[in-house]
1. What are the ³J(HN,Hα) couplings of segment 97-106, residue after residue, when phi is run through the Karplus curve with 6.51, -1.76, 1.60 and θ = phi - 60°? Round to Hz, x for glycine and proline.
2. Which of the pairs Lys248/Lys308; Lys76/Lys248; Lys44/Lys248 have their Cα atoms more than 24 Å apart in this structure?
3. Ordered by residue, what ³J(HN,Hα) values in Hz, to whole numbers, does segment 153-165 give under the Karplus form 6.51 cos²θ - 1.76 cosθ + 1.60, where θ = phi - 60° and Gly and Pro are x?
4. Counting Lys and Arg as +1 and Asp and Glu as -1, what is the net charge of the other residues whose Cβ lies under 13 Å from the Cβ of Thr47?
5. Mean separation of Cα pairs under 8 Å and 6+ residues apart, divided by the residue count of segment 263-324: what relative contact order is that in percent?
6. Helix 4-22 against the longest principal axis of the chain: what's the angle in degrees, Cα atoms only, rounded to the nearest 10?
7. Count charges around Gly236 for me, please; just the other residues with Cβ under 10 Å from its Cβ, Lys/Arg as +1, Asp/Glu as -1.
8. Once you place label points 7 Å from the Cα toward the Cβ at Gln24 and His290, how far apart are they in nm?
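Read-outs throughout are calculated quantities, based only on the coordinates presented, and are distinct from any laboratory measurement. Keep in mind the model is a prediction, meaning the values are calculated, not measured. Note that each Cβ is placed from the backbone with ideal geometry, even for glycine, and that neighbours are counted across all protein chains shown.
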Amino acid sequence: MFSKKTAVAAAALLAAFAAQAQSQVNLYGNVDLSVGSFKEPGQKATTKVESGSLRASYIGFKGTEDLGGGLKAFFKLESDIAADTGTASSTFWARTSAIGLAGDFGTATLGNVRSLAYLTNTAFNPFADSAVFSASNLFGQVGAVNANANSGTNYKNSITYTSPNLSGFTGAVQFGASETNGVDGAVALQGTYTAGPLAAGLVYEDVALTANTDSQRWQLAASYDFGIAKAFAQYGQGETDGQAETEKFFQIGASAPVTAAGTVLASYGQLKNDGVANAKTTEFSLAYDHAISKRTGAYVGVNNTKIKGSKSANTFAVGVRHAF
């Protein structure tokens, strides 16, 4: 027969296993480093070792706890890393620092998170969050709202609600508080739809630049997986109160597996500012990404960037990436 002490020890052990099953923390991230010739329009080419050329380099921690009744609590902490120099971003958790609840009602998140506009931008181009090859970077940043709430990459001091998947449709609303009297902050709405090989998204945001000036942006994007290749397309516009100019952006791209482990990526994008003479920038990128294993890959890519009225700039890079 079991003694009382044995029974207590067994109960404690079972409780520990139950707690472990209900709460889980993971370490994850990506390291991407390349070497090549990098050039910006109007500047001379420079040989560099660069971080995040194909995919962003970062480190993250995330965890969940089962609260019962289908409700879960979660947190996420992420920091961008300049792997070429071994330094982190100036604010260590600038990429993501958030907590939230998820359940049958959807997901509610508080903190510093990626903006809905940024998520749409990276989801519908073949180069995702590439710092060098993604033509979507042309339309990726409105600029600072104020000291606390940003548009483009992140919304700080924010609350985000994302609906559950409703027959392929997911909706989201996001608010970034300015925490400044007289300044509105930022608000965004997003809708996405997936059905088999088709995915589509629409996002709109209104960002307070000053107490009396807002910037409005919207983007419609889609992708379709044909099997032999996946096609991407984006179109967006942006305006700022009191200015006659209108930003117009588009991007078309594709990813195509050419071997069991290799994929060719291509993208062309253009940003034109109507109302400003010669204000047009175009980008074309072509790359080959080879999966060495499930987590490790090697790539080679070229990018051509041209601002109207100036000579084009060519960048060439060869790199290695590892996800963990």
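1. Result, rounded to whole Hz: 8, 8, 9, x, 10, 9, x, 4, 6, x.
2. Values: Lys248/Lys308 15 Å; Lys76/Lys248 34 Å; Lys44/Lys248 28 Å.
Those over the limit are Lys76/Lys248; Lys44/Lys248.
3. Rounded to whole hertz, the list is 7, 9, 10, 8, 6, 10, 10, 10, 10, 10, 6, x, 6.
4. Values: positive: Lys39, Lys44, Lys48; negative: Glu50, Asp84.
My count for the surroundings of Thr47 gives +1.
5. Details: 123 pairs, mean separation 17.2, N = 62.
Worked out over segment 263-324, it gives 28 percent.
6. Value to nearest ten degrees: 20.
7. Details: positive: Arg217, Lys248; negative: Glu247.
Cβ neighbours under 10 Å give a net charge of +1.
8. Placing both labels 7 Å along Cα→Cβ, they lie 3.4 nm apart.
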